[in-house]
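> This is the structure I want to talk about, given as structure tokens.
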Amino acid sequence: MKLFLDTANRDLIKKWVPTNLIDGVTTNPSLLSKEGKNIKDVLLDICKMVKGDVSIEVVKKEPSDVYKQAKEISKLAKNVVVKIPFQFEYLPVISKLVKENIKINVTLIFSVIQATLVAKLGVKYISPFIGRLDDIDIPGLEQLEKIMLIKNNYNYKSEIIAASIRNVMHMQEAILMGTDVVTIPPSLLDKIFTHPLTMQGIEKFDSDWKKLGKKELLK
Ligand code: E4P
């Protein structure tokens, strides 16, 4: 299971990289919009900070412009993955880029069939969104489970990124399904590392140890 950080914030990436848990980063235009105007610098920094794949989304609209921008993005760094939204008009562009060995992450996937069709194109990553489906009362995890079943039945090579992960249960269930990648907002990782019982346990061990009145453990 690969763990990507779902953020464009360099401070947060800097915090998590030394843990050796982070295999890549996913960004999107909304995340980038929080990081100021010097987007190219932000992206170049992120690509240097992490060894693994960094997804950068196209913002152009016309298919020919999307193709051109995808090529530009792909040249930013070796570990760049070009993120392209799922849209009928972009399918020829995606196929062309795949043939040119450019790593593509197709984003905004909200159905099993969308994921299946994109898998046929041989893209590197497919990103089904879990939380945004839950937001409209469609169980996102059920869609993800079916997508994993189809991927495994047909042996599609594309890696599935569980995206729009909002809580620990989303993350846990995605991992149990054997999702290739989970991309996690740093705030959710923080929660995992500040589990109330872990925090209470540390306090209890500390206070019991202090009661003993001994400074060194092994002397
Ligand atoms: C990642 O690739 C997606 O852009 C991201 O997970 C979307 O998350 P959100 O639905 O919480 O905005």
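> Take the solvent-accessible surface of the protein heavy atoms, probe 1.4 Å, and return the percent of it on the range 2-193 that carbon and sulfur atoms account for.
55
> Each residue of the range 27-32 in order: what ³J(HN,Hα) in whole Hz does its phi give by Karplus 6.51 cos²θ - 1.76 cosθ + 1.60, θ = phi - 60°, with x for Gly and Pro?
10, 8, x, 5, 5, 5
> What whole number of Å gives the distance from the Cα centroid of the range 122-190 to the Cα centroid of the range 1-72?
The distance from the Cα centre of the range 1-72 to that of the range 122-190 comes to 19 Å.
> Just need the relative contact order of the chain here, percent rounded to a whole number, with Cα pairs under 8 Å and 6+ apart.
It rounds to 17 percent for the chain.
> May I pose another question? Under a 5 Å amide H to amide H cut-off, with H placed in plane at 1.01 Å, what residues pair with residue 162 once short-range neighbours are removed?
Placed amide hydrogens put 181, 182, 183 under 5 Å from residue 162.
> Please list 210-218, 151-159 highest first by mean number of surrounding beta-carbon atoms within 10 Å per residue.
The packing order, highest mean first, is 151-159, 210-218.
> What relative contact order, as a whole-number percentage, does the range 118-163 give when Cα pairs under 8 Å and 6 or more residues apart are counted?
In percent, rounded to a whole number, it is 56.
> Then there's this: Using the Cα centre as the reference, give the magnitude of the dipole from point charges on the C-beta atoms of the chain (Lys, Arg: +1; Asp, Glu: -1; all else neutral), rounded to the nearest 20 debye.
780
> From the backbone phi of the range 11-26, what are the Karplus-calculated ³J(HN,Hα) couplings (6.51 cos²θ - 1.76 cosθ + 1.60, θ = phi - 60°) in whole Hz, Gly and Pro given as x?
Once rounded to whole Hz, the list reads 5, 5, 5, 4, 5, 8, 4, x, 6, 6, 8, 8, 9, x, 9, 10.
> For residue 80, which sequence-distant residues (separation of 5 or more, or a different chain) have an amide H within less than 5 Å of its own amide H, given hydrogens modelled in the peptide plane?
Here 54 satisfy the definition.
> Rolling a 1.4 angstrom probe over the protein heavy atoms, how many square angstrom per residue are accessible across the chain?
58
> Highest mean first, what order results for 58-65, 177-184, 125-132, 33-40 on Cβ atoms within 10 Å?
Ranked by mean Cβ neighbours within 10 Å, highest first: 125-132, 177-184, 58-65, 33-40.
> Can you give the extra length, in nm with one decimal, that the chain gains between residue 20 and residue 194 once fully stretched, where that is 0.36 nm per residue apart less the Cα-Cα distance?
Once the chain is fully extended between residue 20 and residue 194, it gains 60.8 nm.
The values are calculated or read from the model by the stated rules, or taken from the named source; none is laboratory data. Not measured: the values here are computed from a predicted model. Because the Cβ atoms are built from the backbone with ideal geometry, glycine has one as well, and the counts that use them run over all protein chains shown. The area values use the complete protein model at the heavy-atom level, side chains included, leaving out ligands, DNA and RNA. Shrake-Rupley method; radii C 1.70, N 1.55, O 1.52, S 1.80 Å.
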